[in-house]
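Each remark here refers to the structure printed beneath this line.
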Amino acid sequence: MSSTSETGHAKNVANANLFNSYVTDLGALYKPSNPDLELKKLQTLYTEAFTQQEEINAALPPYTSAVNAREAVFSPINKKLTKLQKAYKTTKGVTEAQMEDFMTISRKLKGGRKNPPAAPIPPATEPNSHSVSQLSYDQRTNNFAQLIELLQNTPDYAPNETEYQIATLQGEKDQMMQTTQQVADTYFPLNMARGRRNTIMYTSGNNLVDTFNLAKTYISTILDKNTPEYKAFAKLKFTMPR
């Protein structure tokens, strides 16, 4: 339910508002025996869902910005590793064992393996996608820290180029940690808001989707299907997320 797009959820909320407006226009004709379908109940349900969707709309931009900032820090790593490998290889006294250690860490950072699996690994399911992604970035940061340790413990590693120097790499590691933490910090309020929205709209006993669909069923008992009024109600869809 924590879809990367809020379009479907927002559509349910917007349709609930339209439904209530149409019911208001029906006046005394709309008189369900089920108290859950009364106009006041529908209006309250809409207001609660609208409020939660607005919270999500407010929490989403900071999270998206944090994700983009993290990507800007991590995306150049693979290209830099290729150059850093050459800088390390040309360092005086570097052994084959040390180069193998470098390559092992480098493969982990790039997300590759010495012997790739024959079958592709399926993507994470939606509920776990954030935690899996967060763990991946944490692991890459840790691997980068291991690479720095390897370079620090190589006696003659002292490149003249600033981009390969230990201090530069340490600064880049700090940026990795900061941007990854910012993603975690902005995800929490977004996830909490989505949870509240999902409860109101999809999972509670009198959730918005089921209640408004039931109200649509009631509408079919008081309006003829050939009337413009009925057709207006029929166009309003309330759907569960996939």
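The values are calculated or read from the model by the stated rules, or taken from the named source; none is laboratory data. Owing to the predicted nature of the structure, the values given are computational and were not obtained by experimental measurement. Here the Cβ positions follow ideal geometry from the backbone for every residue, glycine too, while neighbour counts run over all protein chains shown.
What to note about this one:
- Output for segment 208-227, where each listed residue is in contact (Cβ under 8 Å) with a residue 24 or more places away in the chain and of a type in the set (S, T, N, Q): THR211, ASN213
- Inclusion of THR82 among residues that are closer than 30 Å to VAL132 by Cβ, in a helix (DSSP H, G or I) and of a type in the set (Ser, Thr, Tyr) is warranted.
- Enumerated helices (runs of 4 or more DSSP H) restricted to segment 123-232, each holding at least 1 residues that are within 30 Å of GLY93 (Cα to Cα) and modelled with pLDDT of 95 or more: 129-152, 166-198
- The residue of segment 69-105 that is nearest to GLN175 (Cα to Cα), among those that are more than 32 Å from the chain's Cα centre (by Cα) and hydroxyl-bearing (Ser, Thr, Tyr), is TYR88.
- In the condition set (1) of a type outside the set (Val, Ile, Thr); (2) in contact with an Asp or Glu (Cβ under 7 Å, 6 or more places away or on another chain); (3) part of a helix (DSSP H, G or I), GLU71 is compliant with all but (2).
- Flag if LEU42 is surrounded by fewer than 14 Cβ atoms within 10 Å (Cβ to Cβ) and touching a residue at least 40 places away in the same chain (Cβ under 8 Å): no
- VAL209 meets the conditions (1) more than 22 Å from ASP36 (Cβ to Cβ); (2) surrounded by 14 or more Cβ atoms within 10 Å (Cβ to Cβ); (3) among the hydrophobic types (A, V, I, L, M, F, W, C) in every case but one. The failed one is (1).
- Pairing each residue of segment 79-105 that is more than 15 Å from PHE144 (Cα to Cα) with any residue that is assigned to a helix (DSSP H, G or I) and of a type in the set (Phe, Trp, Tyr), provided the two are 6+ apart or on different chains, yields C-beta distances under 9 Å for ALA87/TYR164; LYS89/PHE102; VAL94/TYR88; VAL94/PHE102; GLN98/TYR88; MET99/TYR88.
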